[in-house]
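Written below as structure tokens is the structure these notes are about.
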Amino acid sequence: MRRLWGRLSSVNVQKAVWGLEELGLPYERVEAGGAFGRVREPDYLALNPNGLVPVMEEDGFVLWESNAILRYLASTQGLGTLWPEDPRAAALADQWLDWQATRFTPSTRDAFWQTVRTPPEQRDQSVIDRSVAASEECAAILDAHLMGRPYAVGDRFTAADIALGAATHRWLHLDVPRVERPALRSWYERIRVRPAAAAALPPLS
């Protein structure tokens, strides 16, 4: 039995859902976080003391942190497909997973919260501007990397594309001015039509 706790409006939950869907693994998703609450309840905190989503339960095994969940699923159920068998290719997938979590998504966070979840009269344009500037730096790095490459690591779609794709989905759908990045856009349009991506990436909310 496999259960995933978390609301689909969370970019971190989206990564886990995308991985599960790509691998065709059965799972139950339980709404949690945001308007759904639950995450401060004792039974949930027993699963994840951070009170964050997602959390995955699998036959008594509990795992939190979205990229840890994605790595686990890909390396145990998708070795040779979602997770490279070559150690150097796997290290590169790890590199991009860490970069997404430590650079790209944090850079977009303030712009997302200000433009999507904050009423217009309460928004701080200076906060938005700083976030957009930081996001543009990350988008430029990813765009340069993707030039001449079909995917983030080698010629095959991997877990790195899932993590980067979820972050890029958020960035490209924010109502902010941005520089057009042809390689980034082409890669995003290629991966977002995958059936698993359609199941994981709802409109921003």
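The values are calculated or read from the model by the stated rules, or taken from the named source; none is laboratory data. It should be emphasised that the depicted structure is a prediction, and the values quoted were computed from it without experimental measurement. Backbone-built Cβ (ideal geometry, glycine too); neighbour counts: all protein chains shown. Only protein heavy atoms, including side chains, enter the accessible area calculation; ligands, DNA and RNA are left aside. Shrake-Rupley method; radii C 1.70, N 1.55, O 1.52, S 1.80 Å.
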Original post:
Looking only at region 114-142, which residues are within 13 Å of HIS173 (Cα to Cα) and not polar (S, T, N, Q)?
Top reply: VAL116, VAL132
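Go through region 139-153 and count every residue that is assigned to a loop (DSSP other than H, G, I, E, B) and either touching a Pro at 6+ places or on another chain (Cβ under 7 Å) or open to solvent by 70 Å² or more (accessible area, probe 1.4 Å) (or both).
Result for region 139-153: 4.
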Original post:
Is it true that some residue in region 51-65 is assigned to a helix (DSSP H, G or I) and surrounded by 19 or more Cβ atoms within 10 Å (Cβ to Cβ)?
Top reply: no
Original post:
Applying the selection to region 74-88, what residues are open to solvent by 20 Å² or more (accessible area, probe 1.4 Å) and part of a helix (DSSP H, G or I)?
Top reply: SER75, THR76, GLN77, PRO87, ARG88
Subject >> Failed item, numbered, when ALA199 is tested on (1) open to solvent by 60 Å² or more (accessible area, probe 1.4 Å); (2) hydrophobic (A, V, I, L, M, F, W, C); (3) part of a helix (DSSP H, G or I); (4) over 20 Å from ALA93 (Cα atoms) >> reply: (1)
Original post:
Among the residues of region 175-185, is any under 15 Å from the mean Cα position of the chain (by Cα) and either more than 19 Å from LEU25 (Cα to Cα) or open to solvent by 10 Å² or more (accessible area, probe 1.4 Å) (or both)?
Top reply: no
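With ARG7, ARG71, ARG3, ARG103 as the choices, which residue is in contact (Cβ under 8 Å) with a residue 12 or more places away in the chain, surrounded by 14 or more Cβ atoms within 10 Å (Cβ to Cβ) and either of a type in the set (Val, Ile, Thr) or in a loop (DSSP other than H, G, I, E, B) (or both)? Steps first, please.
Numbers: ARG71 fails: either of a type in the set (Val, Ile, Thr) or in a loop (DSSP other than H, G, I, E, B) (or both); ARG3 fails: either of a type in the set (Val, Ile, Thr) or in a loop (DSSP other than H, G, I, E, B) (or both); ARG103 fails: either of a type in the set (Val, Ile, Thr) or in a loop (DSSP other than H, G, I, E, B) (or both).
Only one candidate qualifies: ARG7.
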**OP:** Quick one: in region 24-46, of everything that is in contact (Cβ under 8 Å) with a residue 12 or more places away in the chain, assigned to a helix (DSSP H, G or I) and surrounded by fewer than 18 Cβ atoms within 10 Å (Cβ to Cβ), which residue is nearest to the chain's Cα centre (by Cα)?
**Re:** GLY34
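Tally up the residues in region 186-196 that are part of a loop (DSSP other than H, G, I, E, B) and surrounded by 13 or more Cβ atoms within 10 Å (Cβ to Cβ), please. Explain how you work it out, then say what you get.
Of region 186-196, the ones part of a loop (DSSP other than H, G, I, E, B) are 193-194.
With the extra rule that they be surrounded by 13 or more Cβ atoms within 10 Å (Cβ to Cβ), the set shrinks to 194.
Summing the residues that are part of a loop (DSSP other than H, G, I, E, B) and surrounded by 13 or more Cβ atoms within 10 Å (Cβ to Cβ) in region 186-196 gives 1.
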